Amino acid sequence: MDEASGAPRSSLTSPSAVPASRPSLQRSPLQQTWLQLTAAVAVAILLLLLAFVVWPVLRVLATSLAGPEGLTLAHYAEFFSSWRLVRILVQSLLVAVVSTVITVAVALVLAYAVTRTDIPGKRFVSLMSLLPLISPPFLVSLAFILLLGRNGVITQALHLDWSIYGFTGIVVSQVFTFLPQAYLLLANVLGNIDVSLEEAAENLGAGPLTTLRRVTLSLARPGLASAALIVFILCMTDFGNPILIGGRYNVLATEIYAQVIGMSNFAAGATMSVVLIVPCLVAYLVNASWVGTRSYVTVSAGARAAARPMPPALRWPLFVLSGGVGLFIAVIYALIPLGSVVRHWGGDWSLSLDHYAFASSAEGAWPIWNSVRLAALAGTIGTVVALVTAYVVERTRPPGRRAIEALSLLPVALPGTVIGLGYILAFNVPPLLLTGTIWILVTSVVFWKFPVAVLAGINALKQIDPAIEEAAISLGAGTVRTFARVVLPLLTGTAFSIFVYFFINGMVTVSAVIFLIYPGFNLGSVAILNQVENGYPGVACALGTIILAIVIGSVLLLRALVGGDRVAVLKL
Amino acid sequence: MRISLAGLTKRFGASTAVDGLSLEIGRGELVSLVGGSGCGKTTTLRLIAGFERPDAGEVRFDDRVVNDVAPRRRSVGIVFQSYALFPTMTVAENIAFGLRVARWPAVRIYERVAEMVALTRLGGLEGRYANQLSGGQQQRVALARALARRPEILLLDEPLSALDAKIRLRLRGEIRRIQQDLGITTLYVTHDQEEALSIADRIAVMRNGRIEQVGRPEEIYARPRTDFVADFIGISNLLACRVVSAREGLVDWEGERLRIAPDVGRDGEGILLALRPEKLAVVAERAPEDGRNRLHGVLEVVTFLGPFVRLEVAIHGRPLWVDAPHATGVGLERKKSVTLAFAPDDGVVIAATGSSAD
């Protein structure tokens, strides 16, 4: 009786308390088992994260510090005394900074135009700015090569002896590749600003420009900082665009690949990886600790987010700019299927489906099938592990939950090349001998892309009022039944979103997996790179078209099956 | 400054938010626009502020038509429902914003901010940010900011709706004091009829984009012209009656003969009789005849409301509300019969529109 009267009170005083950690009405053997089960699950998750996130990074660090006689800083001394390598570091930083500034500026204009104004064509602009999110990251480079490469349409038409390879190519490709991330973040920030704030400024006599500067942008400042830091990490770690369109302009991410795969120089690769991690980690920590606490976006009573009419002097430039960017992205993505049906780009413009025979290499179209297998496995396993992790972190709060949360989010700051190298170093020896199997690819995708999925799960659980679980328990349902009948059904939409996220990444990722593919098991995204390098851009376009079709088709299919609103496209 | 709205109409797509509305607000007057959610009261306010353009009709300040004047040139101060304080600025910076934009000299801005801080009793909070203030303090900052530029019109959009009851009561008095000290023409939008009754010089009751009735609070309360107003302002028992004899003031309700003021309506016509709960009295069953109407019913519910008790009495299966002093409530038992009485003059006759009469 005592316990029975005490239980509801404890649930009132600590609304965030959770079924598993609270004295429940009466503990049945089943519930005891459930408690032990969640504890065991928490331990298992922690072990998985230690094995697949921490261990590979430690292996990279150890390799960079290993000398013939124990620990040494010799590799770092070598790196910083080599002009060539220091120049690569500077080039990496330079290209990342320039790309970041331009990307955030463009994203800001688009997000502002879509969320705060009444320009026509907003839906189109919004849709186009999201397209790169679900495509292989380097298809933009491929499109720019078709436009402005040595055999590009524009290069030929204007008889240019200039081509886009190098710094310019990387920057323009990165801008269009990472636009979605910055756009989504800023659209979210700008879209949640109470329109009354702008109206208040106007009512107090401020003109449109003063309102924009003193109110709207001032409120968006933390969002801008956050977008800039995230895009900086993405550009810094980008592998696909530099390797395709970088020409002789080297960056760290591609140099690591050259050292490891080209020259089997693991020590040099590991040293560069650590050098590459440092700025990414700094950006990540600044974002998490400093920017994260500085959001002005609060939803208050009567707050409204609405588009406002713009004065023509602002409206038309905004329309032209955002419409132009949207149209250009449409052109970029139209070029890929177009390139796949032109017999010989830059030479013979007649149409043909020859490229779809995939005769240029022995593996044919198999890499795409491999990608689908990888994507489906990563999607299934990743969804389960991510949701369980989110539940452990958000609802059961075992002693180590902070550690689990931090380790789950850490991969955001890890370049794909570092993951790839780390996995080779960590998993080519027993007990976890995974090299040469599909599982090393699956785990790399799952754990590298883990942060976004776990955050989505945590956010979804936060939306579910703990009182719902408490209501179920007070109605006599046990913790097990509560989880199965009440919590799980509320998570289906999120589960599908997470599945789609892992599936897309399994289809399109390249930087980590390029280290981990093995003879007889190539992936579609890597095959695209190979075909471009071997001089078959048409075949690359055909592969790209199929991958795009599979990704878009599967997203649409899932949305049709489970209801459109319930499947969201997650982003970093 | 005087505000005149003439035939004001605003449509959003297929729905008409404000439908041919006309209203005069005199110089220095506080008019409260009251109505349920979606009745068009906030849209009316936004039309005056200039955030919406009317599809038809005119907004005039004194005799100047301001339809085409941009919001920032209207000399109107607004307090938003969400306060809309700039979160990146301190209290003082918020109040100074309009003055800075108008390029006042720094010294005058400083003086004016100090003045507004004193007026709204915000002393000591000048350096705080909005998220470091209580709801009531935020509300006062919003008021100070709206008034700093010495606007000639003040618009308040549900200014107290986000606050709890006690603070609401205190701030209501404070807003009224400041408004009267400054003598500023004010439109006060609220859904809370009690707030409207207590603060306004005149009340305009709105429904479906139109004004149902305009008048002084006591007028609106005592003589509601429609069943909607009778029901919305305060609580009313609405009795659907038929006139038996207009000359004698005799009507029929559910087979009961009731006396009302004579010479209302025509014989045989349906009318609504509105009875305020406090106009109904509980009397002893065998009390001597005193010219009042008598109704016999069964007591269903007794609700304790602090200063008085509210009884729900079922008569002919219909519930009537009765507000009675505590003493009357003592000794009454549920499911026992009670007798109610009201004087012929206490009923207010409303032409039957049928909408809420049952």
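Taking residue B:336 as the anchor, which lysines have their alpha carbon closer than 28 Å to its alpha carbon, excluding any fewer than eight residues away along the same chain?
Filter leaves B:279.
Taking the number of other C-beta atoms within 10 Å as the exposure measure, put B:166, B:41 in order starting with the fewest.
If I rank by nearby Cβ atoms, fewest first, I get B:166, B:41.
For the residues B:89, A:263, A:236, what sequence is obtained by ranking on other C-beta atoms within 10 Å, fewest first? Could the numbers behind the result be given before it?
Numbers: B:89 18, A:263 10, A:236 24.
Lowest count first: A:263, B:89, A:236.
Taking the Cα centre of segment B:235-351 as origin, sum charge times position over the Cβ atoms of Lys and Arg (+1) and Asp and Glu (-1), and report the length of that vector in debye to the nearest 20.
On the way: 15 positive and 17 negative charges, 47 e Å.
That gives a dipole near 220 debye.
Skipping prolines and chain starts, which residues have an amide H placed within reach, meaning under 5 Å, of the one on residue B:210, given they are 5 or more residues away or on another chain?
Long-range HN contacts for residue B:210: B:19.
Roughly what % of DSSP beta bridges within the protein assembly as shown run antiparallel, to the nearest 5? Working shown, then result.
Values: 64 of 83 bridges.
Antiparallel: roughly 75 percent of the beta bridges in the protein assembly as shown.
Work out the mean other chain Cβ neighbour count within 10 Å for the residues of B:75-84 and drop it here as an integer. Don't jump to the answer; show the numbers that get you there.
Numbers: counts 1, 1, 2, 6, 2, 11, 6, 12, 8, 13.
Mean partner shielding for this stretch: 6.
Starting from segment A:103-201, pick out the chymotrypsin sites (Phe, Trp or Tyr not before Pro) whose DSSP state is loop and whose Cβ has at most 13 other Cβ atoms within 10 Å.
Those that pass, being in a loop and sparsely packed, are A:162.
Using a Förster radius of 45 Å, what is the FRET efficiency between residue A:549 and residue A:462 based on their Cβ-Cβ separation? Nearest 0.05, please. Could the numbers behind the result be given before it?
Values: r = 36 Å, r/R0 = 0.79.
Calculated transfer efficiency: 0.80.
Using DSSP, restrict attention to beta bridges with both residues in chain B and report what percent are antiparallel, rounded to the nearest 5.
Numbers: 59 of 77 bridges.
Roughly 75 percent of the beta bridges in chain B run antiparallel, per DSSP.
Can you classify chain A as rounded, prolate or oblate using the Cα gyration tensor, where a ≥ b ≥ c are the square roots of its eigenvalues, rounded means a/c under 1.5, and otherwise it's prolate if a/b beats b/c and oblate if not?
Values: a/c = 1.67, a/b = 1.22, b/c = 1.37.
It is oblate, given that a/c is not under 1.5 and a/b is not larger than b/c.
Could you line up A:511, A:444, A:497 from fewest to most neighbouring Cβ atoms inside 10 Å?
Values: A:511 25, A:444 28, A:497 22.
Ranking A:511, A:444, A:497 by Cβ neighbours within 10 Å, fewest first, gives A:497, A:511, A:444.
Within 10 Å of each Cβ in peptide B:151-159, how many partner chain Cβ atoms are there on average? Round it to a whole number, please. It would help to have the intermediate numbers written out before the result.
Details: counts 3, 0, 0, 0, 1, 0, 2, 2, 0.
Per residue, the number of nearby Cβ atoms from other chains is 1 on average.
Summing +1 for each Lys or Arg and -1 for each Asp or Glu, what net charge is found among the other residues whose Cβ lies under 11 Å from the Cβ of residue A:255?
Working: positive: A:84, A:87; negative: none.
Every neighbour counted, the sum reads +2.
Within 9 Å, Cβ to Cβ, of residue B:346, how many net charges do the neighbouring residues add up to if Lys/Arg are +1 and Asp/Glu are -1?
Details: positive: B:276, B:279, B:292; negative: B:345.
Result for the neighbourhood of residue B:346: +2.
Given charges of +1 on the Cβ of Lys and Arg and -1 on the Cβ of Asp and Glu, with all other atoms neutral, how large is the dipole of chain B about its Cα centre, in debye to the nearest 20? Intermediate results must be reported in sequence, preceding the final value.
Details: 49 positive and 46 negative charges, 292 e Å.
In total the dipole reaches around 1400 debye.
Of B:328, B:44, B:339, which has the largest mean-square fluctuation in a 10 Å C-alpha GNM of chain B?
Top of the fluctuation ranking is B:328.
Can you grab the distance from the C-alpha centre of segment A:259-275 to the C-alpha centre of segment A:118-171, Å, no decimals?
Between the Cα centres of segment A:259-275 and segment A:118-171 lies a distance of 31 Å.
As a check on your grasp of the helix formula, calculate [θ] at 222 nm for the protein assembly as shown: sum -39500 (n - 2.57) over DSSP H runs of n ≥ 4, divide by the residue count, round to the nearest 500.
Numbers: 35 runs with 461 residues, N = 930.
So the calculated ellipticity at 222 nm is -16000 deg cm²/dmol.
Projected onto the charge dipole of the protein assembly as shown (+1 at Lys/Arg Cβ, -1 at Asp/Glu Cβ, origin at the Cα centre), which of A:97, A:556, B:206 gives the Cα projection farthest towards the positive end?
Among A:97, A:556, B:206, the one farthest towards the positive end of the dipole of the protein assembly as shown is A:97.
Shielding of A:205-215 by partners, i.e. mean partner chain Cβ atoms within 10 Å per residue?
On the way: counts 15, 6, 3, 2, 0, 4, 2, 0, 0, 7, 6.
The per-residue average across the peptide is 4.
Please work out the Cα center distance from segment B:152-218 to segment A:455-493, rounded to the nearest Å.
Using only Cα atoms to place each centre, the spacing works out to 44 Å.
Give the residue list of GluC sites (Glu not before Pro) in segment B:242-339 that are DSSP loop and have at most 10 other beta-carbon atoms within 10 angstrom.
Of the GluC sites (Glu not before Pro), the ones in loops of segment B:242-339 whose Cβ has at most 10 other Cβ atoms within 10 Å are B:285, B:289, B:333.
What does the net charge come to around residue A:483 if you take all other residues with beta carbon closer than 11 Å to its beta carbon, with K and R at +1 and D and E at -1? Numbers along the way, then the final one.
Working: positive: A:395, A:481, A:485; negative: A:469.
Net charge in that neighbourhood comes out at +2.
What length, rounded to one decimal in nm, is gained on full extension from residue B:326 through to residue B:134, with 0.36 nm per residue of separation minus their alpha-carbon distance? Walk me through the numbers on the way to the answer.
Numbers: separation 192, 0.36 × 192 = 69.12 nm, distance 3.71 nm.
Gain on extension, residue B:326 to residue B:134, equals 65.4 nm.
Once you have the Cα-Cα distance between residue B:335 and residue B:210, take 0.36 nm times their residue separation minus that, and quote the gain in nm to one decimal.
Details: separation 125, 0.36 × 125 = 45.00 nm, distance 4.27 nm.
Using 0.36 nm per residue and subtracting the Cα-Cα distance, I get 40.7 nm.
What dipole magnitude, in Debye to the nearest 20, does the protein assembly as shown give about its Cα centre under +1 on Lys/Arg Cβ and -1 on Asp/Glu Cβ? Could the numbers behind the result be given before it?
Numbers: 80 positive and 68 negative charges, 258 e Å.
Dipole magnitude for the protein assembly as shown comes out near 1240 debye.
Test of understanding: in a Gaussian network model of chain B with alpha carbons linked when under 10 Å, which of B:151, B:217, B:288 would top the mean-square fluctuation ranking?
Checking each option, the largest mean-square fluctuation is seen for B:288.
Shape call for segment A:71-341 from the C-alpha gyration tensor, a ≥ b ≥ c root eigenvalues: rounded (a/c under 1.5), prolate (a/b greater than b/c) or oblate? Intermediate values should be presented prior to the final figure.
Numbers: a/c = 2.77, a/b = 1.47, b/c = 1.89.
Note, shape of segment A:71-341 comes out oblate.
Computed from the coordinates by the stated procedures, all read-outs in this text should not be read as laboratory data. Because the structure is a prediction, the values reported are computed rather than measured. Here the Cβ is made from the backbone with ideal geometry for all residues, glycine too, and neighbour counts use every protein chain on show.
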